[in-house]
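Peer 1: Provided herewith is a single structure, encoded as C-alpha cells, for subsequent inquiry.
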Amino acid sequence: GAGVSQSPSNKVTEKGKDVELRCDPISGHTALYWYRQSLGQGLEFLIYFQGNSAPDKSGLPSDRFSAERTGGSVSTLTIQRTQQEDSAVYLCASSLQNEQYFGPGTRLTVT
Amino acid sequence: EDQVTQSPEALRLQEGESSSLNCSYTVSGLRGLFWYRQDPGKGPEFLFTLYSAGEEKEKERLKATLTKKESFLHITAPKPEDSATYLCAGISGSARQLTFGSGTQLTVLP
C-alpha cells in the first residue's frame, strides 16, 4: 500500500518568510509525528498527534512553529518568519501501534 | 532524560566482512528499541522492534539483539547494497515519540 508522503520534497525560502510543509500519513494510522533532522544531528522530535486528543507540542523549538492535523489525516507544519537555523530535513511519520513509518522528508533551505 | 548513543559513528567493511553496530540506551521504562536504515536523501526505513532483553530478530543479513543496557545490529557477510546509515531509537513507557541516536554510517566496499 501507499506509504507516508510529504510535499514539497524541497523548499528554498528567504529568511523571514513563512513556509508550510504537508504530510499525508498511511491510511488508517491514528498517530502522526513530525521530526527534524539537521546536518550532522540526530532526529529531533517536534510534535505528535494521536486521534482526536490534544497534540503533544513539547518538542517545538519556538512559537514560530505550529502544526495542525485535519480530519485525523493530513497534517501541515507551519514555520513563521523562518530563520537560517530552521534549515533542515523535516520528516513526518505515522503509526498504528509502536512502529513508526517515515515519509521521504522535506528539505528546507532558508537563505 | 532519555538518551541513545550509537557507535561507531562510521564503519567501513569489505564485502563479506561481518561486524556489529552498537546502541546503548538510557531510557526510563523502555517500551521498545527500534532499528531503522536511512539511505541518503530518504526517510528512515523501519527494520526491527525489540521489546525485552534477550529478544532477537533477523532479516536477511541483519540480526538485532537486545540486552538490558544495549542493542546490537549484527551484519553477516555484508554486500555493498547494505551501505546506509543505521539508526537506533528508544521509546519510553510514558512518551510516544522516539529518541534517536546519531546513527552509524556503514560503507561496504566491493
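Peer 1: Below 26 Å, Cα to Cα, which lysines can residue B:79 reach? Residues fewer than 8 away in the same chain don't count.
Peer 2: Of all the lysines, those that pass the test against residue B:79 - Cα under 26 Å, at least 8 places apart if same chain - are B:42, B:57, B:59, B:63.
Peer 1: Another question, then. What residue among B:87, B:75, B:29 has its Cα farthest toward the positive end of the dipole of the range B:3-109, where the charges are +1 on Lys, Arg and -1 on Asp, Glu, each on the Cβ?
Peer 2: Highest projection toward the positive end goes to B:29.
Peer 1: Oh, and also: Using θ = phi - 60° and the Karplus curve 6.51 cos²θ - 1.76 cosθ + 1.60, what whole-Hz ³J(HN,Hα) does each residue of the range A:85-90 get, with Gly and Pro shown as x?
Peer 2: 6, 7, 4, 4, 9, 9
Peer 1: Return the loop-located GluC sites (Glu not before Pro) in the range B:1-109 (DSSP other than H, G, I, E, B) with at most 14 other Cβ atoms within 10 Å of their own Cβ; answer none if there are none.
Peer 2: Qualifying residues, ordered by number: B:1, B:9, B:15, B:17, B:60.
Peer 1: If you take the alpha carbon radius of gyration of chain A and divide it by 2.2 N^0.38 Å, what ratio comes out, to two decimals?
Peer 2: Computed over Cα atoms of chain A, the ratio equals 1.00.
Peer 1: Taking every pair of distinct Cα atoms and averaging 1/r, then inverting, what Kirkwood hydrodynamic radius in Å comes out for the protein assembly as shown?
Peer 2: 18.0 Å
Peer 1: Using amide H atoms built in the peptide plane, which far-off residues or other-chain residues are under 5 Å from residue B:12 H to H?
Peer 2: Those qualifying (amide H under 5 Å, at least 5 residues apart or on another chain) are B:107.
Peer 1: Quick query: amide H of residue A:87 versus all other amide H atoms, modeled in the peptide plane; which residues come in under 5 Å with a sequence gap of 5 or more or a different chain?
Peer 2: The list, which skips near neighbours in sequence, is A:110.
Peer 1: Same structure again: With 5 Å bins from zero, work out the P(r) of chain B over every alpha carbon pair and list the percent per bin.
Peer 2: Calculated P(r), rounded to whole percents: 2, 13, 25, 25, 19, 10, 4, 1, 0.
Peer 1: On to the next question. Just report the Cα centroid separation between the range B:70-104 and the range A:15-93, whole Å.
Peer 2: Their Cα centres are 22 Å away from one another.
Peer 1: ³J(HN,Hα) across the range B:54-66 via Karplus (A = 6.51, B = -1.76, C = 1.60, θ = phi - 60°), whole Hz, x for Gly/Pro?
Peer 2: These are the phi-based 3J(HN,Hα) values: x, 6, 9, 9, 10, 8, 6, 8, 10, 9, 10, 10, 9 Hz.
Peer 1: For the range B:1-58, what's the radius of gyration and Dmax over Cα atoms, in angstrom?
Peer 2: That works out to 13.4, 38 Å for Rg and Dmax.
Peer 1: Go through the range A:40-53 residue by residue and turn each phi into a ³J(HN,Hα) via Karplus (6.51, -1.76, 1.60, θ = phi - 60°); whole Hz please, and just put x for glycine and proline.
Peer 2: Per-residue couplings from phi come out as x, 10, x, 6, 10, 5, 10, 7, 9, 10, 9, x, 9, 6 Hz.
Peer 1: Near the amide H of residue A:29, under 5 Å away, which other amide H atoms are found, from residues 5 or more places off or on another chain, if H is placed in the peptide plane?
Peer 2: The list, which skips near neighbours in sequence, is empty: none.
Bear in mind these aren't lab numbers, they're just calculated from the coordinates by the rules spelled out. The structure presented is a predicted model; accordingly, all values stated were derived computationally and were not measured. Glycine also receives a Cβ, built like all others from the backbone with ideal geometry; neighbour counts cover every protein chain displayed.
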